[in-house]
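See structure below.
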Amino acid sequence: YDIWATRPGLLARRLYYHSKPLSLPLVAPLTALDILFPQVRAVCLPKKRYAIADAQIILGYLHLHRAGESAYLEKAVFLAEDLVRQSMPGYAGLAWGYPFDWQNNRGLWKKGTPFVTVAPYCLEAFLALYDVTKKSEFLDAAHSVARFLAYDIKDTPVSANASAASYSPQDSTQVLNVSAYRAFALFEAYDRFREAPFLEKASKNLEFILQNKKNDGS
């Protein structure tokens, strides 16, 4: 999203969602630039930190640690502590978004809006660190992430026993992959912390997914 988060990129995406033919003069050159000359990002655009990337790097470091490369545990701990500092205040638990404005078909979501698609990776990273180090602060951090997912993300009922999860605390979308992310994370959190709302919300999100499954499994 480096190129698509620039002013021309945001304008192109906004036009694309409004009218695909009208957006072509803007979308086509940016798409070509993104695909054919991706190195332009390193030259023209500042580097950004992504919480979702940090979480996956932590998991990678822990794999290396388990394989016998002990120095990587310290690197994982350093990144995890920094991940906590990156979180955004004002929510029921630790939460992260993207370091850019995201123009999508529902409007413009500003930089720093916390998303359900980021939190599960961070939850996994903190739980994995706790399993390796047994340090309570990492278990506490994972619990905090679960609280954000449970209490800040919105539920939209679609039947008596099913509900869809929102992307963020600021919308009421009904999207399958978002509900799957949240269901996975809250089932994992319930297994660790035994908080009934985690299980209830995860089960309803899972039911939403199952109710939308086609006969061929898709």
### Query
Can you name the residue in the range 101-127 that is open to solvent by 10 Å² or more (accessible area, probe 1.4 Å) and small (Gly, Ala, Ser) and is also modelled with the lowest pLDDT among such residues?
Gly107
### Task
Taking Ala5 as meeting all but one of (1) at pLDDT below 85; (2) among the small types (Gly, Ala, Ser); (3) loosely packed, with under 13 Cβ neighbours inside 10 Å, write down the number of the exception.
(3)
## Note on the structure
By residue number, the members of the range 155-175 that are more than 14 Å from the chain's Cα centre (by Cα) and either within 15 Å of Ala95 (Cβ to Cβ) or part of a helix (DSSP H, G or I) (or both) are Gln170, Asp171
## Note on the structure
When the range 101-136 is checked residue by residue, the ones that are among the basic types (Lys, Arg) and over 16 Å from Arg66 (Cα atoms) are Arg106, Lys110, Lys111, Lys135
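Quickly run through the range 151-171 and pick out the residues that are open to solvent by less than 20 Å² (accessible area, probe 1.4 Å) and among the β-branched types (Val, Ile, Thr). Steps first, please.
Of the residues in the range 151-171, the ones open to solvent by less than 20 Å² (accessible area, probe 1.4 Å) are 153, 162-166, 168, 171.
Listed by number, the list holds a single entry, Ile153.
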### Message
Among the residues of the range 54-77, are any of a type in the set (S, T, N, Q), open to solvent by 40 Å² or more (accessible area, probe 1.4 Å) and in contact (Cβ under 8 Å) with a residue 40 or more places away in the chain?
### Response
yes
### Task
Among the residues of the range 131-150, count how many are surrounded by 15 or more Cβ atoms within 10 Å (Cβ to Cβ), touching a Phe, Trp or Tyr at 6+ places or on another chain (Cβ under 9 Å) and among the hydroxyl-bearing types (Ser, Thr, Tyr).
1
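The values are calculated or read from the model by the stated rules, or taken from the named source; none is laboratory data. Since the model is a prediction, treat every value here as computed from it, not as a measurement. Here the Cβ is made from the backbone with ideal geometry for all residues, glycine too, and neighbour counts use every protein chain on show. Just so you know, the surface numbers come from the protein's heavy atoms only, side chains and all, with ligands and any DNA or RNA stripped out. Shrake-Rupley method; radii C 1.70, N 1.55, O 1.52, S 1.80 Å.
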